[in-house]
Amino acid sequence: MDIEKILKKVEEKADYAEVRYEKSLTNTLVMKNGNIDAVNVEQEKGISLRVLYDGGIGFVSTNSSKDTDDFIKRAIKMAKNNKSKVGLSKEKAYEDKWAVTQKRKIEDTGLEWKIEYLQDLDKRMMDTKVNIPARIFQLNDTLIEKEYVNSDGAKIMAYHPKIGFFYFLTVVGKTVEQGYKQFGYSGGYEAFDVWDLENVAIDEVKGLNKVANQGKEAPKGKMDLLCGPEVTGIAAHESCGHPTEADRIMGRESSQAGESFIKENMVGQEVGSEYVTIAEDPTIEHSYGYYKYDGEGVKARIKYLYKEGKINEFLHSRETAYKMGIQSNGAARASSYNREPIPRMANTFFVPGDYSFDELIKDIKFGIYMKNFTEWNIDDKRYNQRYIGRESYIIENGEIKDPVKRPVLEVTTPGFYKAVDAAGNDLEFTAGSCGKSDPMQGLDVWMGGPTIRLRNVIFR
Amino acid sequence: MEKEILNKLLNLGADDAIVKITDEDTEQVRFSRNKIDIAKNWQEKSADIFVAVGKRTMFTTIKDFDNMDASLKTLMELAKKANENQSYHGIAKEGFEYGNIEFDKKIIDADCKDYVHAALNEIKGTAAGTVLKKHMKTRIATPYTHSDDETASIEFSIRVFLENEISGHRVSVATDLKNFNPVKAASDAYELATLYKNPKSGERGKYDIILDPLFFGSVINYTLGSTSAFSVEAGLSFFKDKIGENVAPESFAMIDTGKGLYSRRFDDEGVATGENKIIENGVYKTYLHNTSTGAKFKTKTTGNAGLVAPESWNFEVKAGDHSKDELFDSFTGLYLTNTWYTRFQNRMTGEFSTIPRDAIFYYENGEVKESWKDIRVSDNMLRLYKNIAALSKERQMVKWWYEVEEPGIAPFVLIKDVNITRSTQ
């Protein structure tokens, strides 16, 4: 279906309309314990139409119907379900094309090369002589073509190649320890070099083995904590990014992903120390969450969600911006053509400071270095969270000592951020799949930050 | 269409192939703060295709039907280049005696928005939730079988808020409109919220707990992942090496079944679905298998083939011997009505935590003493099942968003000596 033709037809009938077309080709390889268990190719093509009609929003999608009139009729019918006087903020309409560049193109990378790479990675892990009886790798590459038009005059085309990978490892020593890490990149297969995948994976195996064989019981009580970038990143995403999503604050997600401890009138309130600034930036080139325009045609920009310890800005779609009487800041994303765009994160990170790792650790008399985490969760108002270390060590008199097994920090959001007294200069990102909405929309994101230091937090 | 694609694949050199065509028409109305936010309709068609050339295997999902012939050709070229899959032991050649699935055709024409308005009339305060109706037609063809399936289901979920942090959540899900009762769900959610007064931050310690079917349904969902043979091999199952062992008290039994909210006559190999006893009399009985994992584990497929790995369909926990009231009689401990964000420290050994949400009641001697908030269940899944002390006769069909993603029937359950934690600062 021609999306401009559909827009032209629907413009006469609705107060506002937008049409999205998406075509994607995704290749997935699953390797289990050295065997390629699944090779999957997914081809998708479809369109969606979102209309505003007499104060109601209707959303329809199809990959099968060719009947334009019926498609439009269904959208209007959906919108008529609703007389809630929903609106969308007025935004500048852009006409543009954007594309992510690749060095080693996905289109030119054969199945055999990918299989060989995974088999080699598996062999290198096994060559460490660590006992890893269960190993899962999943590699996926996607080529996405998108077109977007709306009745305000926006017309945007995009080409977005992406690579994703994760491993899930089970190491058996004196105890059983498991490690999971996800990687993501917008671009081609140069991703493997950017991620330094082989070295990171071998480090993971060795780290899990240390904990499994030499890990001491984790100390309990009040002590200092160094969070590695992976831990800082999950904190930034989960206890800053999610609670600043405007739809969550305004209750639109409340029967699913929940609401937020942050209320509409809390901008400027203190939530952490002066060392805490957390940004959300979709414009980082080659990031997993990269986009130039959001799912409603609004130009992407950096947003500072917490600034110097204070709540600063929310993540907005045009719908939430309209409700708050402001402009959208370009945070609306949809996981596919058949999902509605809503406020989402893309690349959320704790803004680094200027401390080196040695400077951060040197005056810690006793504490824990939590390099990464295993179990992690948070309540649905984004206030009570739990961090359990995967590879963690005791810190004594400014030095890293013995590995410890799964130290547990259970803390509130202000309890965590108010304890931060320094941030390192070693910004790193980890990829993730962020879940939200109904039906669930899993989205590619980066989460990041530097090593940060927290004083006097309580481990149990 | 499925037979045509199958024949093309066999002509292009496939030794075995499976073609499944699905047509889905889904409508959803979402509401929050007592107003409808959006109404959506999806019409999707997809082809799930599996091919094997010797032990070289490939899967594909095609939602772009414009270039089917070219896609099939590419698929076969890739399959011929793929490495041999040592886990592959063929597709099913028997097990094709299909049962019938019944559903209420009136669901197809049900008006979702009317249910929202009727439900909202039952409550004070504000509410958020969804109504979702789904109509699905599936056809499957392999060299050994050919069949079709048609199902419909309807789901309602409502979370009622009386004020900040005072909430109750209930669902009503069904395959016929006679058993679909969103008005009662709304009224029950409202009642829960009204009983949940002035919650205080809870205290850590060991408590006996009673889980509502909605909460227990979520626990079972995170358990079902451990029942797939794929998970057992991948280090993702706390039931590894547990076949024949006591994993729960004698009163506990759980099955996986093809009949339920998400009924299906056949799995992704075309094998007829049935009832699989996962836990019977407290003893762990079977992992869920497709033909390949069945062969590897020296057993047969259980009719649970998913596109890549064995999957569960609908769960059902056997009713207990106690009435719900008997469970609460003289009860001292926590009644937990809903949960979310369950995560594992270790999927092989079962350490996990989950975060109760909505109404949480602390009982003493059968009476509500306090309402609590801000607590976490932090324990071990295997220990949780072992510590089940009683199950109710009353059961509910539950399905809710991502937390009870696979639907099923669950009772109220009393579990002894469960570890509760909370934030320290």
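Numbers below:
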read-out: Under-5 Å amide H pairs with A:K181, H placed in peptide plane, nonlocal only; value: A:Y167
read-out: Against the rule of thumb 2.2 N^0.38 Å, how large the Cα Rg of the stretch A:1-101 comes out; value: 1.45
read-out: Most positive-pole-ward Cα, B:W42, B:T60, B:N83, against dipole of the stretch B:1-129 from beta carbon charges; value: B:N83
read-out: Restricting the stretch A:206-292 to trypsin sites (Lys or Arg not before Pro) in coil, as DSSP defines it, with at most 16 other Cβ within 10 Å; value: A:K220, A:K263
read-out: Amide hydrogen neighbours beyond the local backbone of B:R56, cut-off 5 Å, H modeled; value: B:N85
read-out: CD proxy at 222 nm, helix term only [per DSSP H run n ≥ 4: -39500 (n - 2.57); per residue of chain A; nearest 500]; value: -5500 deg cm²/dmol
read-out: Counting all C-alpha pairs of the stretch B:369-425, share separated by more than 16 Å (%); value: 64
read-out: Translational D in µm²/s for chain B (Stokes-Einstein at 25 °C, 0.890 mPa s, Kirkwood Rh from C-alpha pairs); value: 106
read-out: Cα Rg over Rh - the stretch A:332-460, Kirkwood; value: 1.03
read-out: Taking N as its residue count, the alpha carbon Rg of the stretch A:3-214 over 2.2 N^0.38 Å; value: 1.40
read-out: Normalised convex hull volume, the protein assembly as shown, alpha-carbon set, Å³ per residue; value: 147
read-out: Rounded to whole Hz, the Karplus (6.51, -1.76, 1.60) HN-Hα couplings of the stretch A:209-223, x for glycine and proline; value: 5, 4, 5, 5, 9, 10, x, 8, 5, 5, x, 10, x, 8, 7
read-out: Chain A, relative contact order [Cα under 8 Å, separation at least 6], %; value: 16
read-out: Three-way shape label, chain A, alpha-carbon gyration tensor, a/c 1.5; value: oblate
read-out: Debye intensity ratio in log₁₀ form over the Cα atoms of the stretch A:217-459, taken at each q of 0.12, 0.15, 0.16 Å⁻¹; value: -0.64, -0.96, -1.08
read-out: Alpha-carbon centroids, the stretch B:16-85 and the stretch B:392-424: separation in whole Å; value: 33
read-out: Cα centroid separation - the stretch B:277-326 against the stretch A:158-199, whole Å; value: 32
read-out: Calculated log₁₀ intensity ratio I(q)/I(0) where the Debye formula runs over C-alpha points of the stretch B:199-425, q = 0.12, 0.14, 0.15, 0.18 Å⁻¹; value: -0.63, -0.85, -0.96, -1.34
read-out: Reciprocal of mean inverse Cα separation for the stretch B:2-193 (Kirkwood radius, Å); value: 19.6
read-out: Karplus (6.51, -1.76, 1.60) ³J(HN,Hα), θ = phi - 60°, over the stretch B:113-121, in Hz, Gly and Pro reported as x; value: 5, 4, 5, 4, 4, 4, 5, 5, 5
read-out: When the convex hull of its Cα atoms is projected in every direction, mean area for the stretch B:301-425 (nm²); value: 9.7
read-out: Per DSSP, loop trypsin sites (Lys or Arg not before Pro) in the stretch A:97-134 with at most 13 further Cβ within 10 Å; value: A:K103, A:K129
read-out: Whole-Hz ³J(HN,Hα) from phi, Karplus 6.51 cos²θ - 1.76 cosθ + 1.60, for the stretch B:76-91, glycine and proline x; value: 5, 4, 5, 4, 5, 8, 5, 5, 5, 8, 5, 7, 8, 10, x, 10
read-out: The stretch B:269-318 - convex hull of the alpha-carbon atoms, volume per residue in Å³; value: 76
read-out: Descending semi-axes in whole angstrom, ellipsoid equivalent of the stretch A:211-291, from the Cα gyration tensor; value: 29, 19, 15
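Only the coordinates and a few stated rules stand behind these numbers; no lab work does. Keep in mind that this is a model prediction, so the values were computed, not measured. FYI the Cβ positions are ideal-geometry reconstructions off the backbone, even for glycines, and counts take in every protein chain you see.
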